[in-house]
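Working notes, structure below.
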Amino acid sequence: MNRKALRIAALSTVVALTLGAAGSAASATAHEARTATAVQPTAVVTAMTASEARELLSIPEFRAELTAAEASQLQKSTEGQTVSDQGASSAARALVKLIKKYGPSLYNKAKDAAGSGLSSFKNWARSLSWYHPVRLAVLAAGDFVLSKVLDLIT
């Protein structure tokens with residue numbers, strides 16, 4: 001498997017575990033993980049999970065946009081199951097700051113994509129290069145944080 005396939009398999013596994021697709025999805029192949037997540041009905045996400053917070057905190061560019069208090073709050077919440085609404089809001093603000101950091105051109109494209117909805121915004125992020133910090137942060141953030149980002153941008 002090449003690097004891209006491994007990254008997709010890892011992301012699919014995280015999504016499957018987050019949605020509760022199956023406990024055995026962690027050891028499944030990429031194809032099985034994608035199939036497991038495709039069969040699941042869409043769930044209404046009402047909070048940011050601790051695993052999403054851990055993923056966001058692992059991105060140095062994202063972490064640089066957080067204040068010390070926000071970073072420590074997210075770090076503390078990684079021990080639990082979900083992150084507080086305040087922690088999710090601070091993550092959303094940091095993500096918007098990160099997008100703005102890369103210039104008005106990128107921000108305007110993000111704003112246009114956000115106007116079309118969450119799936120359009122995710123597709124815009126996927127169109128960025130695979131190593132772009134904004135793409136990594138958007139894909140690491142869950143739907144709850146991204147809905148807050150859309151509220152801030154639009």
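Of note:
- Across the stretch 111-123, rounded Karplus estimates of 3J(HN,Hα) from the backbone phi angles (6.51 cos²θ - 1.76 cosθ + 1.60, θ = phi - 60°) give 5, 4, 5, 5, x, 8, x, 5, 5, 5, 5, 5, 5 Hz, Gly and Pro being marked x.
- Computed over the stretch 47-92, Cα set: Rg, Dmax in Å: 9.1, 24
- Amide H contacts under 5 Å for MET48, placed H, 5+ residues apart: VAL83
- Taking TYR102, TYR107, TYR131 and ordering them by how much accessible surface each has at a 1.4 Å probe, largest first, produces TYR131, TYR102, TYR107.
- ASN108/SER51 FRET efficiency (R0 25 Å; Cβ-Cβ; nearest 0.05): 0.20
- Simple spin-label estimate for SER119 and GLN86 in nanometres, 7 Å along Cα-Cβ: 3.6 nm
- Formal net charge of residues neighbouring LEU66 (Cβ-Cβ distance under 15 Å; K, R +1; D, E -1): +3
The values are calculated or read from the model by the stated rules, or taken from the named source; none is laboratory data. From a predicted model like this one, the values you see are computed outputs, not experimental measurements. Positions of Cβ are generated from backbone atoms using ideal geometry, with glycine treated the same way; all protein chains shown enter the neighbour counts. Note: accessible area is taken over every heavy atom of the protein model, side chains too, but ligands, DNA and RNA are not part of it. Shrake-Rupley method; radii C 1.70, N 1.55, O 1.52, S 1.80 Å.
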